Amino acid sequence: MGGLIGGIAYAFIMAGFDYSDGQDFRIWRFLLNAIIFGTFMAIMNIYNIKKQTEENKNNE
């Protein structure tokens, strides 16, 4: 869930940069940014949670 929220936030920021440069809003670019960055963030979150869980098991 965090990856999805992060991806949408990233897509909004990138859309804001495009708008400030005078470009029109492009839904396909917004969705692509949200999906790609959101997927990457979700994978990283899963990896970090697994790593922390393993470290906690080893410390007990």
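Structure data summary
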read-out: Karplus-derived 3J(HN,Hα), 6.51/-1.76/1.60, for each residue of the range 7-14, Hz, glycine and proline x; value: x, 5, 4, 4, 5, 5, 5, 5
read-out: Helix-derived mean residue ellipticity, 222 nm - over the chain, DSSP H n ≥ 4, -39500 (n - 2.57), to 500; value: -31000 deg cm²/dmol
read-out: Part-to-part distance (alpha-carbon centres) for the range 29-60 and the range 1-28, which is given in Å; value: 21 Å
read-out: Loop chymotrypsin sites (Phe, Trp or Tyr not before Pro), the chain, which have at most 13 other Cβ atoms in a 10 Å radius of their Cβ (DSSP); value: 25
read-out: Average projection area in nm² (convex hull over Cα atoms of the range 2-59, one quarter of hull surface); value: 4.1 nm²
read-out: Residue-span extension gain [residue 18 to residue 54] - 0.36 nm each, minus C-alpha spacing; value: 8.8 nm
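Quick note: the coordinates plus some simple rules give every number you see, no bench work behind them. Quantities reported herein were computed from a predicted structural model and do not represent experimental measurements. Counting neighbours? That spans all protein chains shown, and the Cβs are built from the backbone with ideal geometry, glycine included.
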